[in-house]
Amino acid sequence: MAPRVTQVASDPAPPTQTRVVIVGGGIIGVCTAFFLARKGVPVVLCEKGEIAAEQSSRNWGWCRKMGRDPREIPLSVEALKLWAEMNQLIGGETGFRRSGIVYLCRTADDLRRRETWLEQAGRPFQLDSRMLTRDQAARVLPGLNGAWAGALYTPSDGRAEPTLAAPAIAEAARRLGATILTQCAVRGFESTGGRISGVVTEKGRIGCDSVVLAGGVWSRMFCRNQNLRLPQLQVLSAVMRTEAMDGGPEISCSGTGFALRKRLDGGYTVANWSENIAQLVPDSFRFARDFWPVFRQQRGSVKLRLGSQFARELIRPRRWSLDKVSPFEKHRILDPKPRRRILDQARDNLVAAFPIFHRMKIAESWGGAIDVTPDAIPVISGVDSMPGFFIATGFTGHGFGIAPGAGRLMAELVTGETTVVDPSPFRYSRFTDGARPRPSPLA
């Protein structure tokens, strides 16, 4: 079952010409559209399914600086500033609240790892993160149970509502002049004289100067058809929502085997902090050398599984003509089934940490597909070999929280303005220039 997302009606038809076309109507795509439209740039956003129907509505809703890869922290700081203003900027409700986030530490080793991050990443950026003792954690999180070694806490981190945020931002972008098209897959782009000149959609061609690919887990397939190598895989997650209940923590938190967030509707979003599934597919072997370091680092929380997805992707077309139906039109919305065992573990671990949740009632559960890169940070970049083509993908489960910052950064890259943060850590060329991207040991 998919979460219930605020529906965004499509504009009736694509224009024949614009300046920028955005491929993908998730949180990254709509934030990019909003910041471009705010600058007065003509922009068309094309979504093959519905706005935020995939991972952008299926994530936890955390908006955090804490625990980030140091390369992401400046962008995370900018994103939190924008989240705090977003309701006012868009004239709508994203659900953002500065509630704080706590990472509970079960063992002394867990505590030392969080302390290392604080010393080497948090403090150099002057974040308000701080370590808590077990008793201090219990005061911040009333009702906490169990023998915890301590916690890492960031009061200024927050939460927002994934089912509300992207649709509200998309509507704001439209009010500023953006065209929003749903059920409109982009099959690929065209170039003239070595640079972008237009896209071909299932509803017709749109001439443009720039294309921003914000396609989440679909980005690798799109790039492959354009003869661009983008090392990207997907990890499957499982999430559930409780009915409204009183007495639980207001602050978002995670501990061994669980994570939670208080929702605007009075319920909680609950997930398993410690386990996700990476299905073995043909690209797993094509990109094995790229991804081995990240899977080795995350081997405790990411489980490799071989299933039917391997065969489905093996027979999926790797190339298609732009005048033919594309794979994006054949499968518009990914809706993976949640792993019941993973959610049952999350429930058991949550009840052990907060006994009040023994009476929680599960309203619904869902699965999601997370787009990951070999170094676990996104691509937010132009592509040197194709002037006018930009990529914003591979957010590795961090996209919702840093989306406003990423959207602003991408809008500045497209328009050639001075960027709000240094974009070099997110350059596409790190996969081709011999940089050998690796995840940070601090994240």
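Values quoted throughout were computed directly from the atomic coordinates according to the rules given, and no laboratory measurement underlies them. Values in this document were obtained by computation on a predicted structure and should not be read as measured data. Neighbour counts run over all protein chains shown; Cβ positions are idealised from the backbone, glycine included.
For PHE125 and GLU85, what is the calculated FRET efficiency with R₀ set at 25 Å and r taken between the beta-carbons, to the nearest 0.05? Please list the in-between numbers first.
Values: r = 20 Å, r/R0 = 0.81.
Calculated transfer efficiency: 0.80.
Below 12 angstrom from the Cβ of ALA170, what's the summed charge of the other residues (Lys, Arg +1; Asp, Glu -1)?
Details: positive: ARG174, ARG175; negative: ASP11, GLU47, GLU50, GLU171.
So the environment of ALA170 carries a net charge of -2.
Between ARG195 and ASN145, 0.36 nm times their residue separation minus their Cα-Cα distance comes to what? List each step's numbers first, then the result.
Values: separation 50, 0.36 × 50 = 18.00 nm, distance 5.92 nm.
Working it through step by step, the gained length comes to 12.1 nm.
Against the longest principal axis of the chain, how steep is helix 340-353, in degrees 0 to 90 to the nearest 10, with axes from Cα atoms?
Long axis of 340-353 versus the principal axis of the chain: about 40 degrees.
Just to be sure I understand: with springs between alpha-carbon atoms less than 10 Å apart, which residue in MET240, MET66, MET386 has the highest mean-square fluctuation in the Gaussian network model of the chain?
MET386
For the chain, build the charge dipole from Cβ charges (+1 Lys, Arg; -1 Asp, Glu) around the Cα centre, then report which of ALA411, VAL23, THR179 sits farthest towards its positive end.
VAL23
Which Cα, out of LEU164, LEU45, GLY394, lies furthest along the positive dipole direction of the chain (beta carbon charges, K/R +1, D/E -1)?
GLY394
Towards the positive end of the charge dipole of the range 20-431, with charges on Cβ (+1 Lys, Arg; -1 Asp, Glu), say which of LEU118, LEU306, VAL383 has the farthest Cα.
Ranked along the dipole, the leading option is LEU306.
Picking from ALA84, ALA147, ALA168, which is most flexible by a Gaussian network model of the chain using Cα springs under 10 Å?
Among ALA84, ALA147, ALA168, the largest mean-square fluctuation in the Gaussian network model of the chain belongs to ALA147.
State the Cα centre-to-centre distance between the range 55-100 and the range 194-273 in whole Å.
Centre-to-centre (Cα) distance: 14 Å.
Quick check on the exposure proxy: order PHE287, PHE426 from fewest to most C-beta atoms within 10 angstrom.
Details: PHE287 20, PHE426 24.
By the 10 Å Cβ count, ascending: PHE287, PHE426.
Can you put LEU304, LEU343, LEU409 in order of Cβ neighbours within 10 angstrom, beginning with the fewest? Display every interim value, and only then the final one.
Numbers: LEU304 11, LEU343 20, LEU409 28.
In order of increasing Cβ crowding within 10 Å: LEU304, LEU343, LEU409.
Tell me, what is the percent relative contact order of the range 221-380, built from C-alpha pairs under 8 Å that lie six or more residues apart? Intermediate results must be reported in sequence, preceding the final value.
Values: 256 pairs, mean separation 58.4, N = 160.
Relative CO of the range 221-380 lands at 37 percent.
Would you kindly calculate the mean projected area, averaged across all directions, of the convex hull enclosing the Cα atoms of the range 314-417, in square nanometres?
Working: hull surface 44.9 nm².
That works out to 11.2 nm².
Would you mind ranking ILE90, ILE362, ILE27, ILE377 so that the residue whose beta carbon has the fewest other beta carbons within 10 Å leads the list?
Details: ILE90 21, ILE362 13, ILE27 33, ILE377 26.
Fewest-to-most ranking of ILE90, ILE362, ILE27, ILE377: ILE362, ILE90, ILE377, ILE27.
When you take every Cα atom in the range 384-443, what is the radius of gyration, and what is Dmax, the widest Cα pair distance, in Å?
12.5, 34
Can you compute the modelled spin-label distance between ARG332 and ARG318, with each label point 7 Å from Cα toward Cβ, in nm?
Placing both labels 7 Å beyond Cα along the Cβ direction yields 2.9 nm.
Could you state the number of Å between the C-alpha centres of the range 1-30 and the range 116-173?
When both Cα centres are located, 31 Å separates them.
Rounded to the nearest 0.05, what FRET efficiency is calculated for ARG436 and ALA352 with R0 set to 56 Å and r the Cβ-Cβ distance? Write out the running numbers ahead of the final one.
Details: r = 41 Å, r/R0 = 0.73.
So, using R0 = 56 Å, E works out to roughly 0.85.
Pairs on different chains or at least eight residues apart, Cα atoms closer than 22 Å: how many lysine pairs in the chain fit?
Lysine pairs meeting both conditions in the chain amount to 13.
If you build the convex hull over the alpha carbons only and average its shadow over all orientations, what do you get for the range 20-431? Give it in nm² to one decimal. Don't skip to the answer; put the middle values down first.
Values: hull surface 74.2 nm².
Seen from a random direction, the Cα hull of the range 20-431 projects 18.5 nm² on average.
With +1 assigned to the C-beta of every Lys and Arg and -1 to the C-beta of every Asp and Glu, and no other charges, what is the dipole magnitude of the chain about the Cα centre in debye, to the nearest 20? Intermediate results must be reported in sequence, preceding the final value.
Numbers: 60 positive and 42 negative charges, 190 e Å.
Charge dipole, the chain, about its Cα centre: 920 debye, nearest 20.
Taking the chain as the reference, fit the longest principal axis to its C-alpha atoms, fit the long axis of helix 27-38 to the helix C-alpha atoms, and give the angle between the two in degrees, 0 to 90, nearest 10.
The two axes meet at around 60 degrees.
Compute the acute angle (0 to 90°) between the alpha-carbon long axis of helix 288-297 and the principal axis of greatest extent of the alpha-carbon atoms of the chain; round to the nearest 10°.
The helix 288-297 is inclined about 20 degrees to the chain.
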